[in-house]
Amino acid sequence: SILDHAARTYPDAEVISHDTSGERRSNYAQTAARARRLASSLTRLGIGYGGMVGSLAWNTHRLLELFYAAPGIGAVLHTANPRLSVEQIAYCINQAGYRHLFVDPESLELAEQVAPLLSTVTEFVILADRDAMPATRLAGTICYEDLIDAGDAGFAWPVFDERTASTLCFTSGTTGNPKGVLYSHRGTLLSALATSGGNAWAVSQYDSILAIAPFFHCNGWAMPFFAPMVGAKLVLPGRAMDNPHLHRLIIEEAVTASAAVPTILLGLVEHCRASGQTLGRLDRVICGGSPPPPALVAALRSEFGVRLIHAWGMTETTHGGSFSPTPADATVEQVVAAARHQGWEVYGNALRVVDEDGKELPPDGTSPGHLQARGHWVAARYFRDAAPAPTNADGWMETGDVAIFSPDRSFRITDRAKDVIKSGGEWISSIEIEHALIGLPGLRDAAVIGVAHQRWMERPLLLVVPSDDGALTEDDVRRRLAASIPKWWLPDEILFVDALPRTPTGKLRKDVLRREYRDRFQPPAAGG
Ligand code: AMP
């Protein structure tokens, strides 16, 4: 219904897409027609109600079409995250267990590495033009454009229950394997309506949205849904996330709104400063995943006229569950003050903090508690029950975040109860790093914590307690880690200490460590 509405009401609103073969300019009328063709071809491939397909792809017009074609026939689209490790990607796809994986040329090499580990995928649909089909070692490839060409433009969308599953995203927030969160048509549509509104994205047909945040993260932060819903121009950058590329799109496509993690925005600001350029018509950016540094918020407003709207959310809340909006004429001080907290809950995603006994805490500006979410698009359980349900009997879901509510009902995340580090928008499991060190000769104890970092928001710091013989060296530790964890997980610093703080029952006090080392990678922030 979203795409039909867009094709009827805003047929000429543009969809701009970039990938390895260059730029493609189309609109919602064409997107809707191609989605119908694709849907009819999927049906002929035997995919239908209750079925599933997957994608390993970045934001392009083809992925957008897939977001409608598969769910539109009652099948689920699993958007696999190409930033996970090969093993994790294979785990997610195998758990979902489908036959068709849609791969863009940029992710082809990765798909070739993942393929031998896959137990159900037999067909790889390459998201490319026929004459641009890349050479590949993958067996069973299909050209995406052949599916479009062979499809029926008059295909009639089937009608089914709105609680039918539509998309699937995995979160790798904690230890162990990634956990799947299955979204429904109902939750997706309601959450897109709620977050398109004035207190969140405030989007309309006069906006041009640059979708920097990838569609495989949190249902694309709802952009694939509310952009056509309101008839906004949609600019899809593909995989390339370099500053000149993003900047060019912002200027050339007269982008007014975007969404990104702080690290990307820091890069853009640096790029503009170094090259003496503006951010054109950019009016606001939704920034989430990690709290943005106040200096970034101030620079965007004072130097480029852009309002940063701080948002909080998680895979389990579908996407943004809170926003910190400011008026269009907000001063630098107003925007900075608003972005110091994670904002206010949006309708449909209630938020509260509770103490250790589950009792709700007052919004007094001083009582930190466990943040919980409840609402129409909050996950009640994980896909195939692969992990314990995060939700209690009353429907409140544990977010794993620690927060304080102020008397004005805005809230601020103060800590994380889950033992993970978020670096440049992606998760690093501190426990997996610690596990990689188990049994290392000369090591008595080890702990990894996330420490604030100017560029990546957080980076890992490793604290090592050596045995008394003093034989362990930093090189030993680094060699062991390099052999067992991804390179970008390697701790920025390894510190040798005499002991680690523990509770009387032997539990590691990471909160104590996080406080002690909070300024290790950057000077203390002015004003806290
Ligand atoms: P994910 O499911 O990968 O999107 O991760 C969700 C988690 O990221 C949240 O539970 C928080 O721990 C963290 N997070 C997301 N947005 C923010 C934010 N604005 N400030 C602080 N932490 C955030």
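In the stretch 24-41, is there at least one residue being of a type in the set (V, I, T), in contact with a Leu (Cβ under 7 Å, 6 or more places away or on another chain), in contact (Cβ under 8 Å) with a residue 24 or more places away in the chain and part of a helix (DSSP H, G or I)?
Taking the stretch 24-41 as the starting set, the residues that turn out to be of a type in the set (V, I, T) are 31.
Pick out the ones that are also in contact with a Leu (Cβ under 7 Å, 6 or more places away or on another chain) and you get 31.
In the following step, the residues that additionally are in contact (Cβ under 8 Å) with a residue 24 or more places away in the chain were identified as 31.
Going one step further and asking which of them are part of a helix (DSSP H, G or I), we end up with 31.
Yes: one or more hits.
Which members of the stretch 33-73 meet the condition of being open to solvent by 10 Å² or more (accessible area, probe 1.4 Å) and under 14 Å from A6 (Cα atoms)?
A33, R34, R36, Y68, listed by residue number.
For G343, indicate whether it is within 16 Å of the ligand (Cβ to nearest atom), over 20 Å from A380 (Cα atoms) and either at pLDDT 95 or above or exposed (fewer than 15 other Cβ atoms within 10 Å of the Cβ) (or both). Quick ask: steps written out before the conclusion?
Numbers: within 16 Å of the ligand (Cβ to nearest atom): yes; over 20 Å from A380 (Cα atoms): yes; either at pLDDT 95 or above or exposed (fewer than 15 other Cβ atoms within 10 Å of the Cβ) (or both): yes.
Yes: the conditions hold for G343.
State the number of residues belonging to the stretch 206-235 that are over 23 Å from T171 (Cβ atoms) and of a type outside the set (F, W, Y).
Start the filter on the stretch 206-235 by keeping residues that are over 23 Å from T171 (Cβ atoms), which leaves 206-210, 227-235.
Then drop every residue that is not of a type outside the set (F, W, Y), which leaves 207-210, 227-235.
The number of residues fulfilling the criteria is 13.
When only residues in the stretch 109-131 that are open to solvent by 50 Å² or more (accessible area, probe 1.4 Å) and more than 24 Å from the chain's Cα centre (by Cα) count, which is nearest to L42 (Cα to Cα)?
Residues of the stretch 109-131 open to solvent by 50 Å² or more (accessible area, probe 1.4 Å): 109, 113, 116-117, 119, 122, 129-131.
In the following step, the residues that additionally are more than 24 Å from the chain's Cα centre (by Cα) were identified as 116-117, 119, 122, 129-131.
Values: P116: 24, L117: 24, S119: 21, T122: 15, D129: 18, R130: 18, D131: 22 Å.
Selected residue: T122.
Looking only at the stretch 358-372, decide whether some residue is open to solvent by 20 Å² or more (accessible area, probe 1.4 Å) and in contact with a helix residue (DSSP H, G or I) (Cβ under 7 Å, 6 or more places away or on another chain).
Within the stretch 358-372, the first condition is being open to solvent by 20 Å² or more (accessible area, probe 1.4 Å), and the residues that meet it are 358-368, 370.
Then drop every residue that is not in contact with a helix residue (DSSP H, G or I) (Cβ under 7 Å, 6 or more places away or on another chain), which leaves none.
For the stretch 358-372, residues open to solvent by 20 Å² or more (accessible area, probe 1.4 Å) and in contact with a helix residue (DSSP H, G or I) (Cβ under 7 Å, 6 or more places away or on another chain): absent.
Test each condition in (1) surrounded by fewer than 18 Cβ atoms within 10 Å (Cβ to Cβ); (2) within 16 Å of the ligand (Cβ to nearest atom) for C92 and report the one that comes out false.
With respect to (1) surrounded by fewer than 18 Cβ atoms within 10 Å (Cβ to Cβ); (2) within 16 Å of the ligand (Cβ to nearest atom), C92 is out only on (1).
In the stretch 283-337, how many are outside any strand (DSSP E or B) and more than 9 Å from the ligand (Cβ to nearest atom)? Give the steps one after another, and end with the answer.
Residues of the stretch 283-337 outside any strand (DSSP E or B): 283, 288-306, 314-319, 325-337.
From what's left, more than 9 Å from the ligand (Cβ to nearest atom): 283, 293-306, 318, 325-337.
Count: 29.
Give H435, H376 a once-over and let me know the one that is away from the ligand (no atom under 16 Å from the Cβ), open to solvent by 60 Å² or more (accessible area, probe 1.4 Å) and under 28 Å from G198 (Cβ atoms). Steps first, please.
Working: H435 fails: under 28 Å from G198 (Cβ atoms).
That would be H376, the only listed residue that is away from the ligand (no atom under 16 Å from the Cβ), open to solvent by 60 Å² or more (accessible area, probe 1.4 Å) and under 28 Å from G198 (Cβ atoms).
Show the residue pairs meeting these rules: Cβ distance below 7 Å; 6+ apart or different chains; first residue within the stretch 148-168 and closer than 13 Å to D4 by Cα; second residue surrounded by 15 or more Cβ atoms within 10 Å (Cβ to Cβ) and among the hydroxyl-bearing types (S, T, Y).
Close Cβ pairs (under 7 Å, with a partner that is surrounded by 15 or more Cβ atoms within 10 Å (Cβ to Cβ) and among the hydroxyl-bearing types (S, T, Y)) amount to F155/S40.
Being more than 16 Å from the ligand (Cβ to nearest atom), outside any helix (DSSP H, G or I) and not small (G, A, S) is the filter here; which residues of the stretch 382-405 pass it?
P388, N392, D394
This table checks each residue for (1) of a type in the set (A, V, I, L, M); (2) open to solvent by 20 Å² or more (accessible area, probe 1.4 Å); (3) in contact with a helix residue (DSSP H, G or I) (Cβ under 8 Å, 6 or more places away or on another chain).
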site	(1), (2), (3)
M133	yes, yes, no
I142	yes, yes, no
I148	yes, no, yes
D152	no, yes, yes
F155	no, yes, yes
V159	yes, yes, no
S166	no, no, yes
K179	no, yes, yes
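Scan (1) open to solvent by less than 20 Å² (accessible area, probe 1.4 Å); (2) away from the ligand (no atom under 13 Å from the Cβ) for the single condition D408 breaks and write down its number.
It is condition (1) that D408 fails.
When you go through E474, E516, E458, E434 one by one, which is the residue that is among the acidic types (D, E) and touching a residue at least 40 places away in the same chain (Cβ under 8 Å)?
Working: E474 fails: touching a residue at least 40 places away in the same chain (Cβ under 8 Å); E516 fails: touching a residue at least 40 places away in the same chain (Cβ under 8 Å); E434 fails: touching a residue at least 40 places away in the same chain (Cβ under 8 Å).
Checking each option against the conditions leaves just E458.
Suppose the filter is outside any strand (DSSP E or B) and modelled with pLDDT under 95; does T136 pass it?
Working: outside any strand (DSSP E or B): yes; modelled with pLDDT under 95: no.
No.
For a quick check of your reading: which helices (runs of 4 or more DSSP H) sit entirely within the stretch 184-255 and have at least 2 residues that are within 16 Å of the ligand (Cβ to nearest atom) and crowded, with 22+ Cβ neighbours inside 10 Å?
Here the list reads 185-196.
Working carefully through the options P491, P466, P501, find the one that is open to solvent by 20 Å² or more (accessible area, probe 1.4 Å), modelled with pLDDT of 95 or more and in contact with a Lys or Arg (Cβ under 8 Å, 6 or more places away or on another chain).
Details: P491 fails: open to solvent by 20 Å² or more (accessible area, probe 1.4 Å); P501 fails: modelled with pLDDT of 95 or more.
P466 is the lone residue from the list that is open to solvent by 20 Å² or more (accessible area, probe 1.4 Å), modelled with pLDDT of 95 or more and in contact with a Lys or Arg (Cβ under 8 Å, 6 or more places away or on another chain).
Can you find a residue in the stretch 416-426 that is away from the ligand (no atom under 12 Å from the Cβ), assigned to a strand (DSSP E or B), within 21 Å of the chain's Cα centre (by Cα) and touching a residue at least 60 places away in the same chain (Cβ under 8 Å)?
No, because not a single residue in the stretch 416-426 is away from the ligand (no atom under 12 Å from the Cβ), assigned to a strand (DSSP E or B), within 21 Å of the chain's Cα centre (by Cα) and touching a residue at least 60 places away in the same chain (Cβ under 8 Å).
This table checks each residue for (1) out of contact with any Gly (no Cβ under 8 Å at 6 or more places or on another chain); (2) part of a helix (DSSP H, G or I); (3) closer than 30 Å to V346 by Cβ.
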position: E434; (1), (2), (3): yes, yes, no
position: G439; (1), (2), (3): yes, no, no
position: A446; (1), (2), (3): yes, no, no
position: G450; (1), (2), (3): yes, no, yes
position: E458; (1), (2), (3): no, no, yes
position: L462; (1), (2), (3): yes, no, no
position: L472; (1), (2), (3): no, no, no
position: R479; (1), (2), (3): yes, yes, no
position: L495; (1), (2), (3): yes, no, no
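The values are calculated or read from the model by the stated rules, or taken from the named source; none is laboratory data. Since the structure is predicted, the reported quantities are computational estimates derived from the model, not experimental observations. Backbone-built Cβ (ideal geometry, glycine too); neighbour counts: all protein chains shown. What goes into the accessible areas is simple: the full protein's heavy atoms, side chains included, and nothing from ligands, DNA or RNA. Shrake-Rupley method; radii C 1.70, N 1.55, O 1.52, S 1.80 Å.
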